[in-house]
Amino acid sequence: MLPAEPKTRMLVRRKGPENMHNIDLEGKVAIVTGGGGGMGGAMSLALASHGASVCAADVNRDAADKIADEAHKTTNSGTILPIAFDVTDFDDCARVVEVTRKELGPVNVLVNNAGVGMQTINENYMNEPAKFWLADLDRWQRMMDINFKGPFMMAKLVAESMVEQGWGRIINVTTSLDTMIRHNYSPYGQSKAALESGTATWAKDLEGSGVSVNVLVPGGPTNTGFIPESAPFDRDKLVQPEVMTGPVVWLASDRSDGITNSRFVASNWDASLDPDEAARAVCAPAAWPDAGTQAVWPGAN
Ligand SMILES: NC(=O)c1ccc[n+]([C@@H]2O[C@H](COP(=O)([O-])OP(=O)(O)OC[C@H]3O[C@@H](n4cnc5c(N)ncnc54)[C@H](O)[C@@H]3O)[C@@H](O)[C@H]2O)c1
């Protein structure tokens, strides 16, 4: 049997970086999947507070509604439209894009953030980790569908219209590279490695179109519902979800024009710097381009 989707932990919101206020996202329309969650909520609020119109799409309707209410109370610039959907269902994904287009305008920014962790495979994975061969097939498939097929379907639905507009942003939330190969993290690591690799491939397919594809990761275990209460961590010492706000606002803006196929580690973002400098300091290639150089193609020199 499939486990219930993990409940979203409601957080006390900390403030994002102060020096981002000169980035104006007015006129931009963004979809944040998992927009009711810890990092998705923080990113939705940050984008809206910089003037964007944001659709916070989440399987947890209440969580998305709460983020929209919070935006209504705390920002007087952008808006948040909450939508309930399941990212594994193509018709649902298409409905989110269509409703966003009708209510807010053509989609300029997609943040592929919805995701599930090892709890989907094994509720007690922190205290009783299990080997890969013990995974239930339905749970395994569910994780791959949420973490990789869903982001692919969302990207497929927005890419063409972004190309027609000559501008767009696809921001994929993967994970730290070592988590992709961590023991007892199957198939979480593989689902995120697939999305990391997708980022590099999609970015190349979109080269020259004005549409960028980049990876944004928090940079370590982050204080959201994704990390179970039973985890042996001091939650104040975890990465806090608000680290994502500076880089996501910069990535969603014109300031990141021309930056694609890159990865950004949010916890290394120095908010005391000008955002362009902060971005330059943490920008690295997406995926593992150097590891692919051993392939020998017929006819290539
Ligand atoms: N928290 C961490 O330690 C950590 C570290 C690295 C990367 N990540 C990634 O960050 C992203 C955000 O996670 P978070 O830490 O904010 O966790 P979270 O649980 O707070 O947020 C995830 C959100 O995704 C939503 N979601 C789950 N299944 C869905 C579905 N089928 N359709 C639509 N929405 C769905 C949940 O309802 C939730 O609101 C995830 O992709 C996760 O893999 C998390």
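The values are calculated or read from the model by the stated rules, or taken from the named source; none is laboratory data. None of these values were measured; they are calculated from a predicted model. Every residue, glycine among them, receives a Cβ derived from its backbone with ideal geometry; neighbour counts consider all protein chains shown. We work out accessible area using only protein heavy atoms, side chains counted, and drop any ligands, DNA or RNA first. Shrake-Rupley method; radii C 1.70, N 1.55, O 1.52, S 1.80 Å.
Asp65: assigned to a helix (DSSP H, G or I), without any contact (Cβ under 8 Å) to a residue 60 or more places away in the chain, open to solvent by less than 70 Å² (accessible area, probe 1.4 Å) and touching a Gly at 6+ places or on another chain (Cβ under 9 Å), yes or no?
Values: assigned to a helix (DSSP H, G or I): yes; without any contact (Cβ under 8 Å) to a residue 60 or more places away in the chain: yes; open to solvent by less than 70 Å² (accessible area, probe 1.4 Å): yes; touching a Gly at 6+ places or on another chain (Cβ under 9 Å): yes.
It is true that Asp65 is assigned to a helix (DSSP H, G or I), without any contact (Cβ under 8 Å) to a residue 60 or more places away in the chain, open to solvent by less than 70 Å² (accessible area, probe 1.4 Å) and touching a Gly at 6+ places or on another chain (Cβ under 9 Å).
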Taking region 147-200 and the residues there that are more than 12 Å from the chain's Cα centre (by Cα) and among the acidic types (Asp, Glu), the one that is farthest from Ser44 (Cα to Cα) would be Asp178
Determine which member of the set Phe226, Phe264 is under 23 Å from Leu195 (Cβ atoms), surrounded by 12 or more Cβ atoms within 10 Å (Cβ to Cβ) and in contact with a strand residue (DSSP E or B) (Cβ under 6 Å, 6 or more places away or on another chain). Phe264
Looking at Arg280, is it in a helix (DSSP H, G or I) and without any contact (Cβ under 8 Å) to a residue 12 or more places away in the chain? yes
What pairs come up if the first residue lies in region 221-249 and is without any contact (Cβ under 8 Å) to a residue 40 or more places away in the chain, the second is not in a loop (DSSP other than H, G, I, E, B), and their beta carbons are under 6 Å apart, counting only those six or more places apart or on different chains? Leu238/Thr222; Val239/Thr222; Val239/Ser267; Val243/Ala266; Val243/Ser267; Pro247/Leu216; Pro247/Phe264; Pro247/Ala266
Return the pairs, sorted by first residue and then second, in which the second residue is of a type in the set (Lys, Arg) and assigned to a helix (DSSP H, G or I), the first residue lies in region 180-204 and is within 11 Å of the ligand (Cβ to nearest atom), the beta carbons are less than 6 Å apart, and the residues are 6+ apart or on different chains. Met180/Lys192
Scan region 120-138 residue by residue and report those that are part of a helix (DSSP H, G or I), within 16 Å of the ligand (Cβ to nearest atom) and open to solvent by 40 Å² or more (accessible area, probe 1.4 Å). Asp138
Given (1) open to solvent by 30 Å² or more (accessible area, probe 1.4 Å); (2) at negative phi, where does Val211 come up short, assuming only one miss? (1)
Log entry, pairs with first residue in region 125-150 being of a type in the set (D, E, K, R), second being open to solvent by 60 Å² or more (accessible area, probe 1.4 Å) and within 12 Å of the ligand (Cβ to nearest atom), beta carbons closer than 7 Å, six or more apart or on different chains, reads Asp138/Leu2; Arg139/Leu2; Arg142/Leu2
